[in-house]
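Read-outs throughout are calculated quantities, based only on the coordinates presented, and are distinct from any laboratory measurement. Computed from a predicted structure; not experimentally measured. So basically every Cβ, Gly included, is an ideal-geometry build from the backbone, and we count neighbours across all protein chains shown.
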Amino acid sequence: MKRSNVEINFDDESFQLSKGGKILISDNWKNYKLVSIHMDQYGRPDLRLYKTPDGEFQDLPISRTNAQLQEFRDYVQARIATRTARESNLQVVEAC
């Protein structure tokens, strides 16, 4: 019987979701704007990454891993906030 475990590999730039040795998702943190904790249809918590505030999202089944849910959400939020801070660090200069 083949075992299908879920793994989330990540670093400061990107993440990769694998199940049973197959890569299901591979993406960069910079492609997302928000992160939240979402309960799936079975009541298990997932990490939900939003590309737009009210639109496209991606769920990471964090409850199927041995990761600490709140700590991982905080880590992802920091990656997203760092990217947002770098992008929105533009200053307006007014010329007279």
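Phi-derived couplings, Karplus 6.51 cos²θ - 1.76 cosθ + 1.60 at θ = phi - 60°, listed residue by residue for the stretch 60-71: 10, x, 5, 5, 8, 10, 9, 6, 7, 4, 5, 5 Hz, with x used for Gly and Pro.
For the stretch 5-22, putting each phi into the Karplus relation 6.51 cos²θ - 1.76 cosθ + 1.60 with θ = phi - 60° gives couplings of 9, 9, 10, 10, 9, 8, 9, 5, 9, 8, 9, 9, 9, 10, 9, x, x, 9 Hz, in residue order, rounded to whole numbers and with x for Gly and Pro. Close amide-amide hydrogen proximity is noted between Asp46 and His38, Met39, Asp40, each under 5 Å apart and 5 or more residues distant or on a separate chain (H modeled in the peptide plane; Pro and chain starts excluded).
Grab the Cα-Cα distance for Gln41 and Asn28, subtract it from 0.36 nm times how many residues apart they are, and report the gain in nm with one decimal. Walk me through the numbers on the way to the answer.
Numbers: separation 13, 0.36 × 13 = 4.68 nm, distance 2.63 nm.
This chain segment gains 2.1 nm when fully extended.
Modelled this way, with points 7 Å down the Cα-to-C-beta line, the labels at Asn9 and Ala81 are 2.9 nm from one another.
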